[in-house]
1. Conditions: (1) in the same structural domain as Leu22 (by TED's automatic domain parsing); (2) surrounded by 18 or more Cβ atoms within 10 Å (Cβ to Cβ). Val244 meets all but one. Number of the miss?
2. What pairs come up if the first residue lies in segment 151-167 and is under 20 Å from Val192 (Cα atoms), the second is more than 8 Å from the ligand (Cβ to nearest atom) and among the hydroxyl-bearing types (Ser, Thr, Tyr), and their beta carbons are under 6 Å apart, counting only those six or more places apart or on different chains?
3. Could you list, in sequence order, the residues of segment 228-237 that are over 21 Å from Thr279 (Cβ atoms) and open to solvent by less than 50 Å² (accessible area, probe 1.4 Å)?
4. Can you name the helices (runs of 4 or more DSSP H) wholly within segment 146-253 that have at least 3 residues being within 16 Å of the ligand (Cβ to nearest atom)?
5. State whether one or more residues within segment 140-155 are open to solvent by 40 Å² or more (accessible area, probe 1.4 Å) and out of contact with any strand residue (DSSP E or B) (no Cβ under 9 Å at 6 or more places or on another chain).
6. Would you point out which residue out of Glu56, Glu95, Glu44 is among the acidic types (Asp, Glu) and at pLDDT below 95?
7. From Arg331, Arg277, Arg317, grab the single residue that is in contact (Cβ under 8 Å) with a residue 40 or more places away in the chain and either open to solvent by 40 Å² or more (accessible area, probe 1.4 Å) or in the same structural domain as His93 (by TED's automatic domain parsing) (or both).
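The values are calculated or read from the model by the stated rules, or taken from the named source; none is laboratory data. Source: prediction; values computed, not measured. Here the Cβ positions follow ideal geometry from the backbone for every residue, glycine too, while neighbour counts run over all protein chains shown. Each accessible area value is taken on the protein alone, full model and side chains, heavy atoms only, with ligands, DNA and RNA left out. Shrake-Rupley method; radii C 1.70, N 1.55, O 1.52, S 1.80 Å.
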Amino acid sequence: MSQAGGVTRVMAGLRPSGDLHLGNYLGALRNMVELQERYACFFEIADWHMLTTGYEDTAGLRRAVEDMLLAWLGAGIDPERAVVFVQSDVPEHAELALLLGMVTPLSWLERVPTYKEQLRELAGREIATYGFLGYPVLQTADILAYRAEGVPVGRDQLPHLEIAREIARRFNHLYGPVFPEPQAMLTESPVVPGTDGRKMSKSYGNTLPLDAPTEEIRGRIRTMVTDPRKVRRHDPGHPEVCPVFALHQALADAGAVAEIEAGCRSGELGCVDCKARLTGEVEAVLEPMRERRSRVREADVRDILAAGAGQARAEARETLEETREAMRLWRS
Ligand code: TRP
């Protein structure tokens, strides 16, 4: 099986933000399902990272963790192949984050683009906390705890990966080689617009949720915005501006996409039919997910996460032993 340059262990984390949607599947989950076939994978539900910006309201956190796991299992992530666990279930991450924090210059954290951006965006809420500034250190600890060489991320996470590499390098330089420098495995994710044409995002309320029933999916697609210049059925359309077409591109094979494009441009394919076709494509993704999910029982969720935490802790503890040894920390 093919492996990217020197990568054997892969670590991925996702924040349990709830309400996973098609964009999350195409952008991350689908890729994780493939990675588990080729690498030793550690897949983490990053609930501590939710606290960095959402510490006041934790009422829905456990539910969000469960939902995340269900979405993962639905997508085909297999706990027999990948170690699947919750971040807060593995307290070793916290010890490692503390130690790595000792060698991380404040200036590295302050210059992360997402840091200043979010401070501005979430102004009004008190998020200028120690925990929030330390977000990338905690993420680095997640990755280095498993000595992962590869981390599948989207573009937005590249600054965090860069910090992880810098921290690993600095630690190794100071105390000897303990950590590989993790490389980003950039996920080539398609553009996934939501029903209103903006990026599909929970905060815009424009999503196709992974756990929505068929009728709801059909309804949401039926009311999607399309090319505003295609008013009547036989008007020629402009697929390049149509979010329905962008979703076809993300889901259908090249031949089908070409056919849809030609039909839209010529005016032969009307929006109603085009959307019905898209519903079919989305359902072809969601139906097997519903099926897999429906087989998961409540007790399975606990069992899977407990087993995953056990495996993750064993790995992380070994790394910590070496880390403490390298730093010459006291051992009783
Ligand atoms: N910061 C990541 C995100 O928002 C989540 C994350 C936490 C993560 N720990 C990680 C990603 C470790 C990769 C590796 O998506």
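1. All conditions are met except number (1).
2. If the second residue must be more than 8 Å from the ligand (Cβ to nearest atom) and among the hydroxyl-bearing types (Ser, Thr, Tyr), the pairs left are Pro152/Thr187; Gly154/Thr187.
3. Asp235
4. Once the helices (runs of 4 or more DSSP H) in segment 146-253 are filtered for at least 3 residues that are within 16 Å of the ligand (Cβ to nearest atom), what remains is 158-175.
5. Checked against the condition, which is being open to solvent by 40 Å² or more (accessible area, probe 1.4 Å) and out of contact with any strand residue (DSSP E or B) (no Cβ under 9 Å at 6 or more places or on another chain), segment 140-155 yields no hits at all.
6. Sole residue among the options that is among the acidic types (Asp, Glu) and at pLDDT below 95: Glu56.
7. Arg317
Rundown of residues vs (1) within 14 Å of the ligand (Cβ to nearest atom); (2) open to solvent by 20 Å² or more (accessible area, probe 1.4 Å); (3) hydrophobic (A, V, I, L, M, F, W, C), yes/no style:
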{"site": "Thr8", "(1), (2), (3)": "no, yes, no"}
{"site": "Arg15", "(1), (2), (3)": "yes, yes, no"}
{"site": "Gly18", "(1), (2), (3)": "yes, no, no"}
{"site": "Asn24", "(1), (2), (3)": "yes, yes, no"}
{"site": "Val33", "(1), (2), (3)": "no, yes, yes"}
{"site": "Leu51", "(1), (2), (3)": "yes, yes, yes"}
{"site": "Arg63", "(1), (2), (3)": "no, yes, no"}
